[in-house]
Amino acid sequence: MLVGIGPGSVEHMTGRARAAIAEADTIIGYVTYIKLVADLIEGKEVIRKSMTEELDRAIEALARARAGKKVALVSSGDAGVYGMAGPTYEVLFEAGWTPDSGIAVEIVPGASALNSCAALVGAPLTHDFCAISLSDLLTPWPVIARRLDAVAQADFVVALYNPKSGRRTQQIVQAQQLLLRHRRPDTPVAIVKSAYRRREQISFTTLDQMAEADIGMLSTVLIGNSQTFVREGRMVTPRGYANKYALEEGGATRAGEQAGRSLSTGLLGWLRALQAEHQAGATPDELARRHRLPADYIVQALLAPAEAPTAAAAEEGEA
Ligand code: SAH
């Protein structure tokens, strides 16, 4: 069992995570996480491993499972998010494991750092977001830098995992530089250290000040998109209701918009507008620049059907 125990307080662990730990004969994990569940593991075999022994942990878990033991590999947050789930499957496949080889694998989901940290600072992830780990221990820097550049352009809210450690101090500076090429200097940034643990610490800053902030191994950095704001100590990313409803006028639907339907600038509305712009003489290259999309995509979009399905067809699709 690969057990995600959430951010690090027993209250934020799921019922299944607790039950899985209770069921297990052997508990394997990084010392810090073992400490967090100390009260649940009395009388069990406990194998404490250090940070760099990840593969060893998976290999050891397999050996115990083959010997008939029920093993819980404990991970912070979610075991599948920068955790042990991937390496464990790699070790299993390497050893010739299949789902019916007699060793059952269960992944117990947990709240990942981005969920916990977001909950503590407000509602920063209410629109499209992504996670990027700044750890170059196993990932080449150009891969990380290209992803930072892509998401900066694409205006995702970004959660940075593994932002900084004693040895890795420049990655966060480079991340800041890449993000500043596409984002305003005053873009809100929240830094949460040790969420739901004893030394929890929350601070707010802006993108241009981010590299000077107190950031460490136990911090997650949340960087807003172009719409994110901070008010009353809460970081909020709008869902987009203001595109459709006039919030200042008691929530009346804006002209041209319909509740429950795509925006007038949604796919079909946009295709119609694009095709009209093209008919009025704009070339695909001009349209590509105007809409900041690839020219070959614009060429395809100009050929795409811009009609909504008939009411009957729509109902059939939903049935
Ligand atoms: N599997 C974990 C992530 C492991 S990578 C998860 O799903 O959360 C380790 C990184 O996770 C840390 O460097 C930090 O960025 C983040 N992290 C894990 N626990 C955290 C916590 N309680 N508070 C803040 N950040 C945390």
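The values are calculated or read from the model by the stated rules, or taken from the named source; none is laboratory data. From a predicted model like this one, the values you see are computed outputs, not experimental measurements. Quick reminder, even Gly has a Cβ in these numbers, built from the backbone with ideal geometry, and neighbours come from all protein chains shown. Ligands, DNA and RNA are stripped out before the accessible areas are found, and what is left, the full protein with its side chains, is counted by its heavy atoms. Shrake-Rupley method; radii C 1.70, N 1.55, O 1.52, S 1.80 Å.
Some notes on this structure:
- Gyration tensor (alpha-carbon) shape descriptor, the range 114-236, a/c threshold 1.5: oblate
- Using the 1.4 Å probe convention, the accessible area of the chain works out to 56 Å² per residue with neighbouring protein chains retained.
- Electrostatic dipole magnitude of the range 1-127 [Cβ: Lys, Arg +1; Asp, Glu -1; Cα centre; debye, to 20]: 180 debye
- A Förster distance of 41 Å, applied to the separation of the beta-carbon atoms of residue 18 and residue 136, puts the FRET efficiency at 0.70.
- Peptides 67-76, 86-95, 238-247 ordered by packing proxy, namely the average of other Cβ atoms within 10 Å per residue, highest first: 67-76, 86-95, 238-247.
- Proximal charge balance of residue 240 [Cβ under 15 Å; K/R count +1, D/E count -1]: +1
- Highest-first packing order for the peptide set 6-15, 228-237 is 6-15, 228-237, based on the mean count of other beta carbon atoms within 10 Å.
- Net charge of the neighbourhood of residue 132, taken over other residues with C-beta under 15 Å away and scored Lys/Arg +1, Asp/Glu -1, is +1.
- Selection from 251, 163, 1, by position along the positive dipole direction of the chain (Cβ): 163
- Under the convention that each Lys and Arg Cβ holds +1 and each Asp and Glu Cβ holds -1, the size of the dipole of the chain around its Cα centre is about 880 debye.
- Net lengthening on full extension, residue 128/residue 306 (0.36 nm per residue, minus Cα-Cα): 61.5 nm
- Under 30 Å from residue 49, Cα to Cα: lysines that are on another chain or at least 8 residues apart: 35, 69, 70, 164, 193
- Net charge, residue 36 excluded, C-beta distance under 11 Å - Lys, Arg +1, Asp, Glu -1: +2
- Descending semi-axes in Å of the range 10-159, equivalent ellipsoid built from Cα gyration tensor: 30, 20, 14
- Computed on the Cα atoms alone, the convex hull of the chain gives a volume of 209 cubic angstrom per residue.
- Computing FRET efficiency as 1/(1 + (r/R0)^6) for residue 297 and residue 261, where r is the C-beta to C-beta distance and R0 is 22 Å, gives about 0.35.
- Fully extending the segment from residue 248 to residue 290, taken as 0.36 nm per residue of separation minus the present Cα-Cα distance, adds 12.1 nm.
- Computing FRET efficiency as 1/(1 + (r/R0)^6) for residue 154 and residue 66, where r is the C-beta to C-beta distance and R0 is 30 Å, gives about 0.10.
- Heavy-atom accessible surface of the chain: percent carbon and sulfur, 1.4 Å: 52 percent
- Between residue 199 and residue 9, the simple spin-label model (points 7 angstrom out along Cα→Cβ) gives 1.8 nm.
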